[in-house]
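A short write-up of the structure that comes next.
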Amino acid sequence: MHHSRRLVLGAVPLLLVGSAAGAAPTFHYYGGNVVSNARVVQVSWGSNVPSSTQTGLQAFYPAVLNSPYLDWLSEYSTVGLNGFGDGLPGSNQRIGRGTYGGAFTITPTLSGTTLAYADIEAELTAQIAAGHLPAPTFDWQGIADTVYVVDFPPGVTIDLNGDQSCQTFCAVFGTLTVGGKHVGTALVPDLTTGPCATGCGNGATNFDVVTQVHSHELLEVITNAEYALSSGSARPAAWADTSIGTIANPCNANGAQVAGYWVEKGWSTRANACIAQTSSPLAVCDGSTTLCRQCSAADNGQAGGCTANRPACETDGTNPAFGECVACATSANCSGTTPVCDKADAGNDTCRACVLDADCTGNAAGPHCLSTGACGAAPGGGGGSGGGSTSPGQPEPLLWLVPALLAAAGLLRRRRLRS
């Protein structure tokens, strides 16, 4: 069974780590995966989930996922970081804004009013395999960015190793295994009635409770996608404090308004406080900073967006530079002597004279694309995607391959004679 941390019922601000009552937490990066750009799939467990929850969340997710609430989480990006303790390379991911994957209602085969966490996981995996829920999507490295958030109807209790929802916890997050890949999930009991309606969150309305608990789970999954599979202080854990767990836990029942909704604050190591957004807008990402706002197409050529030598935003989610201002996102961003956008330049998206030999047709410098991305007379290496020719100064393949084969054959014959 996958174990998971949870928002504990009754953890009011007086118990906050980081408040006057306790020392500030210390979050280390242990080397595991985070969620780059969360795509939230909203799942209702049957048809009896309160309509106020179902319809309200359909507006909540698109607003909050595309808001400053996720921008500040870039401080927990893992670009260039090694795991604390083992020193091995981390996941090299940038955290940015997310998208809404839609609302789905499933008809579970699992029945009963008290459901074991592991059985719920198995049910969700089966629902995905059967096509009743959309398949997970992945970032450019093949790491899952889909998060399945499941809401349960009144009267259904989630049992986690003997701990039960609305008795000891308000919600729980974990990790599914789908097609051999780890995918984040969160399970949320009914928050409109009973102890969870009054013991989870500090907003003014019941729907504030709903959005606060759901946002708490989002913070946890995004910054610690595989925490449920770890000991909590070694990979595949990502960001964790050995005493308090994940970044949302120091801020239990500590909410704020963002994008028109009541959300849970999370612990910012940079601010040394619980926050829901930064005090000032973040600069857009340009490949050299970690704490930044991922760009969008609206930032192209705009002040405060993508300008100067990086005038375009990379909006291709399969590109390593996704969400960063780059020299070019398409060849339309290039001109003059470097009219072609090289999209295979290690995520730098650079304007060049050529990528293929065909780009050099009619070029006065020569008809071949060299490995430098310039046109030339001699056969080149093809600047980014390659022109199918060898690099300058290298012997033609067959000229060196033939003697190599002959030498290998001679060596093989000598070995046979010795045996």
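Looking for something within 18 Å of Ser77 (Cα to Cα), at pLDDT 95 or above and of a type outside the set (Ser, Thr, Tyr) - is there at least one such residue anywhere in segment 184-201? Working first, answer last.
Step one: filter segment 184-201 for residues within 18 Å of Ser77 (Cα to Cα), giving 184.
After this cut, where a residue has to be at pLDDT 95 or above as well, the list is 184.
From what is left, the residues that are of a type outside the set (Ser, Thr, Tyr) are 184.
Yes; the residues of segment 184-201 include at least one that is within 18 Å of Ser77 (Cα to Cα), at pLDDT 95 or above and of a type outside the set (Ser, Thr, Tyr).
Which of the residues spanning segment 281-303 are of a type in the set (S, T, N, Q) and either surrounded by fewer than 24 Cβ atoms within 10 Å (Cβ to Cβ) or on the phi > 0 side of the Ramachandran plot (or both)? It would help to see each step written out before you state the result.
Restricting attention to segment 281-303, the residues satisfying the condition of being of a type in the set (S, T, N, Q) are 288-290, 294, 296, 300, 302.
Correct list: Ser288, Thr289, Thr290, Ser296, Asn300, Gln302.
From the list Ala122, Ala228, Ala118, pick out the single residue that is without any contact (Cβ under 8 Å) to a residue 24 or more places away in the chain, part of a helix (DSSP H, G or I) and not aromatic (Phe, Trp, Tyr). Steps first, answer last, please.
Numbers: Ala228 fails: without any contact (Cβ under 8 Å) to a residue 24 or more places away in the chain; Ala118 fails: without any contact (Cβ under 8 Å) to a residue 24 or more places away in the chain.
Being without any contact (Cβ under 8 Å) to a residue 24 or more places away in the chain, part of a helix (DSSP H, G or I) and not aromatic (Phe, Trp, Tyr) holds for just one of Ala122, Ala228, Ala118, which is Ala122.
Give the residue that is surrounded by the fewest Cβ atoms within 10 Å (Cβ to Cβ), with candidates limited to residues of segment 36-62 that are in contact with a Ser or Thr (Cβ under 8 Å, 6 or more places away or on another chain) and assigned to a loop (DSSP other than H, G, I, E, B).
Ser47
Determine, yes or no, whether Asp151 is under 26 Å from Gly194 (Cα atoms), at pLDDT below 95, among the acidic types (Asp, Glu) and over 18 Å from the mean Cα position of the chain (by Cα). Reasoning before the result, please.
On the way: under 26 Å from Gly194 (Cα atoms): yes; at pLDDT below 95: no; among the acidic types (Asp, Glu): yes; over 18 Å from the mean Cα position of the chain (by Cα): yes.
In short, no.
Okay, residues lined up against (1) under 24 Å from the mean Cα position of the chain (by Cα); (2) of a type outside the set (Gly, Ala, Ser); (3) surrounded by 24 or more Cβ atoms within 10 Å (Cβ to Cβ); (4) in a loop (DSSP other than H, G, I, E, B):
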| position | (1), (2), (3), (4) |
| --- | --- |
| Ala256 | yes, no, no, no |
| Ala271 | yes, no, no, yes |
| Ser279 | yes, no, no, yes |
| Gly317 | yes, no, no, yes |
| Cys328 | yes, yes, yes, yes |
| Cys341 | no, yes, no, no |
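Quick test of your reading of the structure: Ala103 fulfils all but one of (1) small (Gly, Ala, Ser); (2) part of a strand (DSSP E or B); (3) surrounded by 19 or more Cβ atoms within 10 Å (Cβ to Cβ). Name the failing condition by number.
Every condition holds for Ala103 apart from (3).
Please work out which one of (1) more than 23 Å from Gln127 (Cβ to Cβ); (2) surrounded by fewer than 23 Cβ atoms within 10 Å (Cβ to Cβ) is the condition Cys170 fails and give its number.
Among (1) more than 23 Å from Gln127 (Cβ to Cβ); (2) surrounded by fewer than 23 Cβ atoms within 10 Å (Cβ to Cβ), the lone unmet condition for Cys170 is (2).
The values are calculated or read from the model by the stated rules, or taken from the named source; none is laboratory data. This structure is a prediction, so every number in the text was calculated from the model and none was measured. Neighbour counts are summed over all protein chains in view; Cβ atoms, including those assigned to glycine, are modelled from backbone coordinates with ideal geometry.
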